[in-house]
Amino acid sequence: MMKDALLDTTQVPILAMWKDESLTIPNKAARRLFHPSADLTKVKDRFDLVSKWHIWDEAFTKRLDPSEYPISVLIRTQTPFESRKIGIWDSETDRKLVMDCLGEAIRDERTGEFLAGIITCRDITSMTEQMNEIKEKDEQRFKLICDSMPQMIWTTTPEGMHDWFSQRWSVVLLL
């Protein structure tokens with residue numbers, strides 16, 4: 001009871017799973033992030049519970065397969081990790097959240113055998129938004145500086161394809 005109360009009091013989503021996937025334990029903050037359409041009464045097994053989250057890459061361009069979820073990777077590889085970023089929809093606030101996940105291994109003290117994995121997630125949404133704003137402003141400054149120079153400036157992709165031209169190019173191309 002005390003363990004459950006402690007886990008459910010924190011606002012940090014925490015998810016634990018035995019190595020055989022027989023038991024998945026989400027705390028209250030993690031349960032809040034289940035997809036709104038999730039019917040938890042029809043969970044076939046404890047690993048099926050994992051599929052009730054809808055997790056995306058951090059840019060929300062690709063929905064991840066449950067085998068790609070941080071807890072699944074941790075259980076499969078039995079290797080702890082730091083800073084695995086994911087995107088998840090918070091239906092309570094109707095916002096896209098970016099989470100930074102930490103995966104830790106629980107091992108037998110005597111044998112070192114992997115027993116379970118635990119994932120903790122830190123909400124880094126506002127930090128990500130601030131970084132994107134700074135990046136956008138830096139790009140605007142770069143373009144302003146380049147457009148004010150008399151030289152013709154361009155950038156290319158790693159493959160050598162031109163992907164940006166300063167305004168000076170448009171003057172030359174109109175001539």
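Values in this text are rule-based calculations from the coordinates and carry no lab data. What you see is a predicted model, and the numbers here were worked out from it, not measured in a lab. Please note: Cβ atoms are built from the backbone with ideal geometry, for glycine as well, and neighbour counts cover all protein chains shown.
Some values worked out for this structure:
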quantity	calculated
Stretch gain in nm, segment E136-T157, where the contour uses 0.36 nm per residue and the Cα spacing is subtracted	5.7 nm
Nitroxide proxy distance, nm - points 7 Å out along Cα→Cβ at S126 and D108	4.5
For the chain: relative contact order, % (alpha-carbon pairs under 8 angstrom, 6 or more apart)	17
Rg(Cα) / (2.2 N^0.38 Å) computed for the chain, rounded to two decimals	1.46
Built amide H within the under 5 Å cut-off of H35, gap 5+	W53, H54
All aspartates and glutamates inside 15 Å of K143 as judged from Cα atoms, apart from same-chain residues fewer than 8 positions distant	D163
FRET efficiency, A59 to Q167 (Cβ-Cβ, R0 30 Å, nearest 0.05)	0.50
Too-long pairs where the Cα-Cα distance tops 31 Å, listed order kept, from K85/K137; K19/K135; K52/K137; K28/K135	K19/K135; K52/K137; K28/K135
Lys, Arg +1 and Asp, Glu -1 on Cβ, resulting dipole of the chain about Cα centre, debye, nearest 20	140
Furthest towards positive pole of dipole, Q78, S166, H54, structure part the chain, Cβ charges	H54
